[in-house]
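Below is one structure; the comments refer to it alone.
The values are calculated or read from the model by the stated rules, or taken from the named source; none is laboratory data. Remember, it's a predicted structure, so these values are computed and weren't measured experimentally. Here Cβ is always computed from backbone atoms with ideal geometry, including for glycine, and neighbour counts include all displayed protein chains.
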Amino acid sequence: MLIEQMTMPAFKEAVQAAKGVILPVGSTEEHGPHLPLGTDTIHAYELAKAVSERYPVLVAPPIWYGLCRSTSQHPGTVTISAESLKSLIQDVIASLYSHGLRHFLILSGHAGTTHMAAIVDACEQMLERLEGAGFAVLSVLDLVSRPGPNVETARDSHAGEMETSLMQLLRPAWVDGTAEEEYPSFPRHIIVRDKLRYWPGGVWGDPAKASPAKGKRILEEETENLISVMERLVKAAE
């Protein structure tokens, strides 16, 4: 049930039948030399759509911008502040709440630490403000075992095996070949100015291990696990 496709009467009816709403949050961010800048948003949105086909939940239009600290200097990354991200998420939640929705799952395709912290903080504040509302916050990385049956690379995280496999499945025409295995080398505890020095290629994992078949299995694993989270969110509010 995609909100942007609904008419006004259809939305009103869907709210009554829905168990809640998924708000996909992504980023417009570099994903190595081979994946599109919208990878995170596409991933979260397509996963939310897959869940809605099997579970009675609404899917809100995705948020295409996030807080991208480590990749902020890579070409193509468009980052916003924690304050802007929090305000945007809170405004969307408040509006959906006013229409009668009570269970909110914020699904992020971007898993940056500061980005996720801003989303959690936004929902903590809304939990205090909105009576009867329940929240779950997670990133796509919380839904896949690494290493596991579908992802071989233990440290895979960004533009590597998992995301390349998914984009080969979901947007094959948007994938431009592959890239070398790479991992960032930021010094522990140190905030650096020249971020490109420590992560020049923008890949965190091994894209060479990707395949569309893996992408299909990964999406299925994510879908099953996300439905489980949604079910627990609804049950917690009973």
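Taking each residue of the stretch 179-191 that is modelled with pLDDT of 95 or more and looking for partners that are small (G, A, S) and in a loop (DSSP other than H, G, I, E, B) with beta-carbon atoms closer than 6 Å, six or more apart or interchain, yields A179/G32; E182/G201. Considering the stretch 150-179, the residues that are acidic (D, E) and under 18 Å from T39 (Cα atoms) include one that is surrounded by the most Cβ atoms within 10 Å (Cβ to Cβ), namely E163. The residues of the stretch 20-79 that are part of a helix (DSSP H, G or I) and either under 13 Å from the mean Cα position of the chain (by Cα) or buried (at least 24 other Cβ atoms within 10 Å of the Cβ) (or both), listed by number, are T39, D40, T41, I42, H43, A44, Y45, E46, L47, A48, K49. Being touching a Lys or Arg at 6+ places or on another chain (Cβ under 7 Å) and either over 25 Å from D176 (Cα atoms) or at pLDDT 95 or above (or both) holds for only one residue in V51, V57, and it is V57. Take the residues of the stretch 113-141 that are in contact (Cβ under 8 Å) with a residue 60 or more places away in the chain and touching a Ser or Thr at 6+ places or on another chain (Cβ under 8 Å): which is nearest to E231 (Cα to Cα)? Per the criteria, the residue is L138.
For beta carbons closer than 8 Å, sequence separation of 6+ or different chains, a first residue in the stretch 61-76 that is within 15 Å of L107 (Cβ to Cβ) and a second that is among the aromatic types (F, W, Y) and buried (at least 22 other Cβ atoms within 10 Å of the Cβ), the qualifying pairs are P62/Y45.
Looking at P9, is it part of a loop (DSSP other than H, G, I, E, B) and over 21 Å from M162 (Cα atoms)? Criteria not met by P9.
Close contacts from the stretch 157-176, counting a first residue that is of a type in the set (G, A, S) and a second that is in a helix (DSSP H, G or I) and crowded, with 24+ Cβ neighbours inside 10 Å, with Cβ to Cβ under 7 Å and a gap of 6+ residues or different chains, come to A159/P207; G160/P207; S165/I218. Residues of the stretch 192-213 that are crowded, with 21+ Cβ neighbours inside 10 Å, among the hydrophobic types (A, V, I, L, M, F, W, C) and touching a residue at least 60 places away in the same chain (Cβ under 8 Å): W199, V203. Hey, among the residues in the stretch 155-187 that are in contact with a strand residue (DSSP E or B) (Cβ under 9 Å, 6 or more places away or on another chain) and assigned to a helix (DSSP H, G or I), which one's nearest to E46 (Cα to Cα)? Among those that are in contact with a strand residue (DSSP E or B) (Cβ under 9 Å, 6 or more places away or on another chain) and assigned to a helix (DSSP H, G or I), it is M167.
With respect to being assigned to a loop (DSSP other than H, G, I, E, B) and of a type in the set (D, E), E152 fits the description.
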